[in-house]
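Quick notes on the structure that follows.
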Amino acid sequence: MIRRWWPELVSWVLAAVLTASTLHGLLAEHAYRLARTVELESLAQDALTLAVVPVLVFAGRRSRLGSARGHLLWLGLLSYVAYTYVIYAFGVPSNSVFLLYVCAMSLAIAALVDGIARMNVRLLATALGPARHRAVGGLLVVVGCAFAALWLSDLLPAAISGAPPGTVGVGGLPYPVYVVDLALVLPAMAVVGLALLRGHVAGPALAAVLLVKLLVMGLAIWSMAVAILVDGGTPNWAVAGVFAVLIAVCATVLARGAHRMRTPAPGWLREALWTENPLSGKDM
C-alpha cells in the first residue's frame, strides 16, 4: 500500500522540505553569506523552486494515479531538485537549513532513481509514437557538448597555468556547478541524445525527463537575470538569451510530445523496483 503511494508521499515530504528551505533563504537576513550577485541568484532560484513545489506535488499525484505524462513530468522536476540541492549542499556556506538541503538532495535522488528504474521504456517509447526524435537527440548532444566546452574553456587554461579558474566555489573549493555538470548532467545529455539518434527505446522517455529539467533550469536562470536587473546590476544577457531559446524549444517539444502521447500499455511502470525472489519459500 505504501509502495503504491510513494510518488505522492515523497512529493509531499519534499514539498515541506523545499518550502522550509526556500522560505529561510528568502526571509532570513543574509541566509547565504555569499557575494551580492551570487546571493541574488540564490534568492531568485529559491523563488523559482518555491513556485515548482505545487507542480511537483501535482505531478507526483498524477504519477501515483498511473499517468505516464505525470510520471515523466515528476521525474523531470525531481532531476531539477536533485541538481539544485547537490549544488546548495556543496556550494553554500553551512547555515541553519543545511540538513534540509541534504534531505532534499537525498529524497530527490532516491525518488528519481526509483522512478526511472521502474519504467518499461519500450512501452513508453511505443506510447510516444513516431516523432522527430533525431532532432531532439541532436539538440541534446549539441547542448551537452557546448556547455562542456564552455566550462572547459575556463578550467583547462587554469589547469595549465596553475592559476585558479575564473569561477571558484566557496573558500576556493571547486565550483559545484562545474563538478555536477561535467561529471553527471552533460554526459547524461550527450548519452541520451545519442540514444535518440540511434533509435534506442530508452531515448524518448529519458529525453522527456531531461527536457523538463532543462526547461525549469532555464526558468531559474531567467529568474536570476531578473533579480540582478531589479537590483541595478547587468545580467549576462548572452547566457540569458541562450536559455530563452532553450526554454522555447523545450516547451514546444514537450507540449507536442504530451499531445501526441497515447496511454501506454499496462505494465509500463512496475509496482516495485525489485520483484520477489522466485526461489523464496523453497528449501535451501
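The values are calculated or read from the model by the stated rules, or taken from the named source; none is laboratory data. Note that the structure is predicted; figures quoted are calculated from it, not measured. Virtual Cβ from ideal backbone geometry, glycine too; neighbours counted across all protein chains shown.
Within segment 180-188, can one find any residue that is farther than 20 Å from residue 91 by Cα and among the hydrophobic types (A, V, I, L, M, F, W, C)?
yes
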Problem - Number of the exception - residue 200 against (1) touching a residue at least 60 places away in the same chain (Cβ under 8 Å); (2) within 28 Å of residue 108 (Cα to Cα); (3) not in a helix (DSSP H, G or I) - result: (1)
Exercise for the section: Answer yes if at least one residue in segment 13-33 is outside any helix (DSSP H, G or I), of a type in the set (Asp, Glu), surrounded by fewer than 20 Cβ atoms within 10 Å (Cβ to Cβ) and more than 20 Å from the chain's Cα centre (by Cα), and no otherwise. Expected result: yes
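For residue 44, are the conditions met, namely being closer than 19 Å to residue 217 by Cβ, out of contact with any helix residue (DSSP H, G or I) (no Cβ under 7 Å at 6 or more places or on another chain) and not in a loop (DSSP other than H, G, I, E, B)?
Numbers: closer than 19 Å to residue 217 by Cβ: yes; out of contact with any helix residue (DSSP H, G or I) (no Cβ under 7 Å at 6 or more places or on another chain): no; not in a loop (DSSP other than H, G, I, E, B): yes.
So residue 44 fails the test.
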Practice task
Would you mind stating whether residue 222 is modelled with pLDDT under 95 and either more than 22 Å from residue 109 (Cβ to Cβ) or surrounded by fewer than 21 Cβ atoms within 10 Å (Cβ to Cβ) (or both)?
Solution key: no
Fill in the blank from the handout: Only one of (1) more than 26 Å from residue 22 (Cα to Cα); (2) of a type in the set (A, V, I, L, M); (3) at pLDDT below 90; (4) surrounded by 13 or more Cβ atoms within 10 Å (Cβ to Cβ) does not apply to residue 168, and that is (1)
Problem - Selected residue (only one of 79, 106 is within 14 Å of the chain's Cα centre (by Cα), surrounded by 21 or more Cβ atoms within 10 Å (Cβ to Cβ) and assigned to a helix (DSSP H, G or I)) - result: 79
